[in-house]
Amino acid sequence: MMPMRRRASARRLPSGEPGRRQASWVYWPDSAGRQRSAPTDNKREEQSVIEGVKHIVAVASGKGGVGKSTVTVNLALAMAAEGYRVGILDADIYGPSQAQMLGVGEGVRPQSAGENRMLPLEAHGLQAMSMAFMVDVREPMVWRGPMVAGAFQQMLTQTRWDNLDFLFIDMPPGTGDIQLTLAQKVPVDGAVIVTTPQDIALLDARKGIEMFRKVNVPVFGVVENMSLHVCSNCGHAEPIFGEGGGERIANEYETRLLGRLPLALSIREQVDGGRPTVVAEPDGEVTATFRDMARQVAEQAQGPAAEGPSISFSD
């Protein structure tokens, strides 16, 4: 674990508006913090159980622009609709988006929960944590890899999650520092890979799957996003980004295709407005797809149902 500092070399999060109750305890690692080299084998470092969390699911893409954050927030909301207690952690330090997608107003800050702890915010029934809750959304995070990895680890471990069944982690694109920190130090139950059917997106999705396989994190399945566009005027359906890419990559890696999602204007408008599809259209077809995917993830994360006691009768 990278050393954390509380001296002059430390960086504290901005305090925000006067009088607003918030957590101001977070200290980031010195920019000269040591960076671990990538592992040469598939062994994970000693991992710590995350207090208040039963199952952790990483949602990754390997490539930006495929709708991973939109899938993450709707998948988390779908899991909550299935009756589970659910949280979401926005691990994209450089470009956090979950605050807007969840409708959390700018300037809303987490409250302190004692020394070196903070409470997650709540939105649409989810517990949520994001870098967007701590800094001005217009402020760029010009940080090196060790600082980013340290910030991610602090948000994960020092947030007081309240008895979650599932914590979904919205991973940044690529296979860099945060992915490595997650794989090495966090007991992840499994990963969901988001891609479009496009060949270029599939190339990077393969890298994401390969990374999780190298560190022995199960891949629960693939979500094919933007699989089909249906014209809202004439009803003509067209696979703009190609066809069958998600199914091909799922078969290639012997995992399942969790579902296909359309390229729809309404999905984009709903997350931009802070009311994702599962909230805005709870009885809609897209929501039904998300809930089916959530059930598949829950089934794999929890494992087969425990068998009840065996009862035998004798004369």
*Of all helices (runs of 4 or more DSSP H) completely enclosed by region 156-271, which ones contain at least 3 residues that are among the polar types (S, T, N, Q)?*
177-185
_Between Q100, Q179, Q111, which is touching a strand residue (DSSP E or B) at 6+ places or on another chain (Cβ under 8 Å), among the polar types (S, T, N, Q) and open to solvent by 10 Å² or more (accessible area, probe 1.4 Å)?_
Q111
_Every residue in region 81-103 that is more than 17 Å from the chain's Cα centre (by Cα) and at negative phi, please._
A81, E82
*Can you tell me which residues in region 211-224 are over 15 Å from M171 (Cβ atoms) and either surrounded by 12 or more Cβ atoms within 10 Å (Cβ to Cβ) or in contact with a Leu (Cβ under 9 Å, 6 or more places away or on another chain) (or both)?*
R213, K214, P218, G221, E224
*Taking into account only those residues within region 203-218 that are within 17 Å of H55 (Cβ to Cβ) and in contact with a strand residue (DSSP E or B) (Cβ under 9 Å, 6 or more places away or on another chain), which is modelled with the highest pLDDT?*
P218
*When residues of region 80-97 are limited to those that are in contact with a Ser or Thr (Cβ under 7 Å, 6 or more places away or on another chain) and modelled with pLDDT of 90 or more, the one farthest from D136 (Cα to Cα)*: I88
*Considering every residue within region 83-97, establish whether at least one is open to solvent by 40 Å² or more (accessible area, probe 1.4 Å) and farther than 26 Å from A183 by Cα.*
yes
*Can you name every residue in region 274-283 that is farther than 12 Å from A76 by Cα and either at pLDDT below 95 or surrounded by 16 or more Cβ atoms within 10 Å (Cβ to Cβ) (or both)?*
G274, R275, A280, E281
*When region 194-248 is examined, which residues are found to be free of Cβ contacts under 8 Å to residues at least 24 places away in the same chain, under 13 Å from L263 (Cβ atoms) and among the hydrophobic types (A, V, I, L, M, F, W, C)?*
C231, A237, I240
*Set M134, M129, M118: member being buried (at least 18 other Cβ atoms within 10 Å of the Cβ), in contact with a helix residue (DSSP H, G or I) (Cβ under 8 Å, 6 or more places away or on another chain) and of a type outside the set (F, W, Y)*: M129
*asked:* Can you go through Q198, Q158, Q184, Q154 and tell me which one is in contact with a helix residue (DSSP H, G or I) (Cβ under 7 Å, 6 or more places away or on another chain) and surrounded by 15 or more Cβ atoms within 10 Å (Cβ to Cβ)?
replied: Q198
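The values are calculated or read from the model by the stated rules, or taken from the named source; none is laboratory data. Worth saying up front: this structure is predicted, and the values here are computed from it rather than measured. Don't worry about glycine lacking a Cβ; one is built from the backbone with ideal geometry, like all the others, and counts go over all protein chains shown. For accessibility, only protein heavy atoms count, side chains too; no ligands or nucleic acids. Shrake-Rupley method; radii C 1.70, N 1.55, O 1.52, S 1.80 Å.
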